[in-house]
Amino acid sequence: MAVEQRSFPRKLGRRIGRGIGRLGAVALAATLIGTAAIGGIGDARAKGAPDSFADLSDSLIDAVVNISTTQRVSGSRGLPMPNVPEGSPFEEFFDEFFDRKGDNEEEDRPRRVNSLGSGFVISEDGIIVTNNHVIAKADEIVVNFNDGSKLPAELIGFDEKTDVAVLRVQPPEPLKAVTFGDSESLRVGDWVLAIGNPFGLGGTVTAGIVSARNRDINAGPYDSFIQTDASINRGNSGGPLFDMDGKVVGINTAIISPSGGSIGIGFAVPANLAKNVIGQLIEYGETRRGWLGVRIQTVTDDIAESLGMDAAMGALVAGVSEDGPAEDGGLETGDVILEFDGKPIDEMRELPRVVADTEIGKEVDVKVLRKGEEQILKVTVGRLEEGEKLAALEDAQDEAEPDGPKSTTVSALGLDLSDLNDELRERYQVDVSIAGAVVTEVDPSGPAAERQIRAGDVIVEVAQEKIASAEQVQDELGKLKDKGRKSALLLVANPAGELRFVVVPFED
């Protein structure tokens with residue numbers, strides 16, 4: 001139904017009233033007018049778009065730079081040789097065209113490859129921020145400024161996990177610099193300005209709104225991207241995302257696009273995440289993140305029900321690193337971490353960010369749910385980088401497992417299970433660190449198969465009770481059935497030792 005806009009809202013109310021009655025018309029008119037009688041909608045009026053972004057752009061654009069890198073690579077420049085059947089009449093032609101049998105020495109010589117990106121100045125004395133992928137493996141980095149000048153840059157440090165890098169130039173006079181704002185204060189729908197210098201021709205400016213926050217695009221362990229519809233195209237990586245106060249609230253990093261051009265789905269690293277990383281890179285030349293020493297997984301609705309939780313929340317501990325901070329603090333596999341250092345953990349992916357930002361060596365309270373009861377544990381935070389080195393060393397020093405007990409087989413949950421001995425460990429290439437009952441066969445129509453349990457997986461725990469034999473699995477399942485349980489919470493390890501919790505319903 002067409003609605004005339006003049007004489008609003010009287011005519012609109014009258015017309016609508018004919019169709020839906022006086023009460024509906026009054027309610028709709030109140031909604032459109034924004035009266036306090038229905039929740040004060042009038043107090044939430046959106047701010048209008050600026051008449052122009054020109055003044056803001058003028059004040060910021062000189063701080064945005066182009067990053068040009070050069071890298072020496074080896075390999076052929078030519079097109080790949082097509083697959084031509086031997087003896088084909090085209091074989092000789094393609095051999096000559098692609099120089100298949102000729103001298104390819106020229107083709108194999110190292111050559112220089114150039115790439116471009118953006119960045120921005122954060123200090124007058126020449127500190128510049130960009131994306132790590134813009135300068136990765138570069139032999140030479142040159143910074144091109146908006147006025148046409150250029151300076152060679154030194155790499156201070158980089159962080160692959162957040163895709164952030166910090167450069168330094170030696171300017172003859174102070175540079176125009178910008179400052180970071182508070183990305184946590186951003187709201188979905190706020191205006192933002194993206195500035196880049198993708199081709200060294202001068203700054204380009206696009207505007208849009210914040211489409212979403214805390215996006216996880218599987219780019220790294222600390223994903224919490226700002227999503228924006230401000231156009232971000234090739235070469236804009238590393239450029240700043242500004243709020244309407246001219247503060248940097250994000251670093252433009254990625255887009256989703258089938259063509260490589262902007263389709264209104266761009267992502268920026270939040271300023272609050274980047275600031276701490278940048279500060280560490282400037283001070284130490286490397287990152288120094290907190291480390292807990294656990295493997296975690298999401299608490300699903302099924303897992304929450306099995307653990308007696310009212311709601312799915314927290315981070316489920318699926319493994320504890322040997323001699324790590326968590327083990328020293330008393331954390332165990334099967335614990336659900338609900339709070340860390342006073343910060344609630346509503347979702348699993350929040351924990352890595354909270355731990356990483358915690359001061360190394362700080363003793364913190366960790367609230368966990370263990371077998372239905374909440375406990376507070378004291379944990380001294382370690383350093384992630386040292387933990388990663390320790391894990392790599394442990395992988396390189398695996399020892400042979402001594403002979404185990406004789407194998408026996410039982411059936412449960414649509415599985416055949418056996419005691420884990422040397423023969424089965426070798427057959428399934430099961431890591432020496434794993435103990436439990438090994439899956440030797442899976443009923444394709446059984447409930448375990450639906451939960452992606454496969455031959456070679458090892459049942460490590462049943463209902464948070466450690467398993468030493470296949471017969472024990474049978475016993476623990478019997479106890480659960482006696483209690484009226486409809487399913488079993490299993491801790492399952494794959495042959496490589498990666499743990500996960502799985503809820504498997506009992507067969508009818």
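The values are calculated or read from the model by the stated rules, or taken from the named source; none is laboratory data. Worth saying up front: this structure is predicted, and the values here are computed from it rather than measured. Using ideal geometry, Cβ is built from the backbone for each residue, glycine included, and neighbour counts are taken over all protein chains shown. For the accessible areas, the whole protein counts, side chains as well, though only heavy atoms, and no ligand, DNA or RNA atoms are used. Shrake-Rupley method; radii C 1.70, N 1.55, O 1.52, S 1.80 Å.
Looking at (1) modelled with pLDDT under 60; (2) of a type outside the set (A, V, I, L, M); (3) surrounded by 15 or more Cβ atoms within 10 Å (Cβ to Cβ), can you tell me which one Asp159 breaks?
(1)
Kindly provide the set of residues from the stretch 432-480 that are among the basic types (Lys, Arg) and over 18 Å from Lys371 (Cα atoms), ordered by number.
Correct list: Arg451, Arg454.
Can you work out which of the residues in the stretch 101-119 that are closer than 22 Å to Thr162 by Cα and open to solvent by 30 Å² or more (accessible area, probe 1.4 Å) is modelled with the lowest pLDDT?
The residue in question is Ser115.
Which of the residues belonging to the stretch 444-459 are in contact with a strand residue (DSSP E or B) (Cβ under 7 Å, 6 or more places away or on another chain), of a type outside the set (Gly, Ala, Ser) and in a loop (DSSP other than H, G, I, E, B)?
Within the stretch 444-459, Arg451, Ile453, Arg454, Asp457 qualify.
I want to confirm something. Restricting to the stretch 277-290 and keeping residues that are open to solvent by 30 Å² or more (accessible area, probe 1.4 Å) and touching a residue at least 12 places away in the same chain (Cβ under 8 Å), which single residue is nearest to Glu363 (Cα to Cα)?
The residue in question is Arg288.
For the stretch 116-222, which strands (runs of 3 or more DSSP E) that fit wholly inside it have 1 or more residues that are basic (Lys, Arg) and out of contact with any Gly (no Cβ under 8 Å at 6 or more places or on another chain)?
Correct list: 150-152, 204-215.
Mind listing just one residue for me: the one in the stretch 465-491 that is closer than 20 Å to Met309 by Cβ and of a type outside the set (D, E, K, R) and, of those, surrounded by the fewest Cβ atoms within 10 Å (Cβ to Cβ)?
Among residues in the stretch 465-491 that are closer than 20 Å to Met309 by Cβ and of a type outside the set (D, E, K, R), the one surrounded by the fewest Cβ atoms within 10 Å (Cβ to Cβ) is Gly484.
What single numbered condition from (1) more than 27 Å from Ala304 (Cβ to Cβ); (2) at pLDDT 85 or above; (3) not in a helix (DSSP H, G or I) fails to hold for Ile434?
(1)
Mind telling me which of the residues Ala268, Ala274 ends up being assigned to a helix (DSSP H, G or I), in contact (Cβ under 8 Å) with a residue 24 or more places away in the chain and surrounded by 22 or more Cβ atoms within 10 Å (Cβ to Cβ)?
Ala274
Could you tell me whether any residue of the stretch 323-339 is at pLDDT below 95, closer than 16 Å to Arg383 by Cα and part of a loop (DSSP other than H, G, I, E, B)?
Yes: one or more hits.
Identify the residue in the stretch 200-234 that is among the charged types (D, E, K, R) and open to solvent by 20 Å² or more (accessible area, probe 1.4 Å) and, among all such residues, is nearest to the chain's Cα centre (by Cα).
It comes out as Asp216.
Among the residues of the stretch 235-245, are any open to solvent by less than 10 Å² (accessible area, probe 1.4 Å), touching a residue at least 24 places away in the same chain (Cβ under 8 Å) and in a loop (DSSP other than H, G, I, E, B)?
The answer is yes; a qualifying residue exists.
Quick one: in the stretch 248-265, of everything that is of a type outside the set (Ser, Thr, Tyr), in a strand (DSSP E or B) and modelled with pLDDT of 85 or more, which residue is surrounded by the fewest Cβ atoms within 10 Å (Cβ to Cβ)?
Ala254
To keep it simple, each residue is scored yes or no on (1) free of Cβ contacts under 8 Å to residues at least 60 places away in the same chain; (2) acidic (Asp, Glu); (3) more than 21 Å from Phe145 (Cα to Cα).
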residue	(1), (2), (3)
Gln170	yes, no, no
Pro174	yes, no, no
Phe180	no, no, no
Glu184	no, yes, yes
Trp191	no, no, yes
Ile209	yes, no, yes
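Would a scan of the stretch 406-426 turn up a residue that is open to solvent by 80 Å² or more (accessible area, probe 1.4 Å) and modelled with pLDDT of 80 or more?
Within the stretch 406-426 (the criterion being open to solvent by 80 Å² or more (accessible area, probe 1.4 Å) and modelled with pLDDT of 80 or more), the answer is yes, since at least one residue qualifies.
So which residues in the stretch 464-490 are in contact with a Ser or Thr (Cβ under 8 Å, 6 or more places away or on another chain), outside any strand (DSSP E or B) and of a type in the set (Gly, Ala, Ser), if there are any at all?
The answer is Ser469, Ala470.
Within the bounds of the stretch 335-354, is there any residue that is open to solvent by less than 40 Å² (accessible area, probe 1.4 Å) and basic (Lys, Arg)?
Checking the stretch 335-354: not a single residue is open to solvent by less than 40 Å² (accessible area, probe 1.4 Å) and basic (Lys, Arg).
If the requirement is being among the β-branched types (Val, Ile, Thr) and within 16 Å of the chain's Cα centre (by Cα), which of these qualifies: Ile265, Ile255?
Ile255
Does the stretch 229-247 hold any residues that are small (Gly, Ala, Ser) and modelled with pLDDT of 85 or more, and which are they?
Selection gives Ala230, Ser231, Ser237, Gly238, Gly239, Gly246.
Take the stretch 438-451 and flag every residue that is free of Cβ contacts under 8 Å to residues at least 40 places away in the same chain, open to solvent by 10 Å² or more (accessible area, probe 1.4 Å) and of a type outside the set (Ser, Thr, Tyr).
Scanning the stretch 438-451 gives Glu441, Val442, Asp443, Pro444, Ala449, Glu450.
Working only within the stretch 120-149, note down all residues that are on the phi < 0 side of the Ramachandran plot, surrounded by fewer than 17 Cβ atoms within 10 Å (Cβ to Cβ) and free of Cβ contacts under 8 Å to residues at least 60 places away in the same chain.
The answer is Ser123, Glu124, Asp125, Ala136, Ser149.
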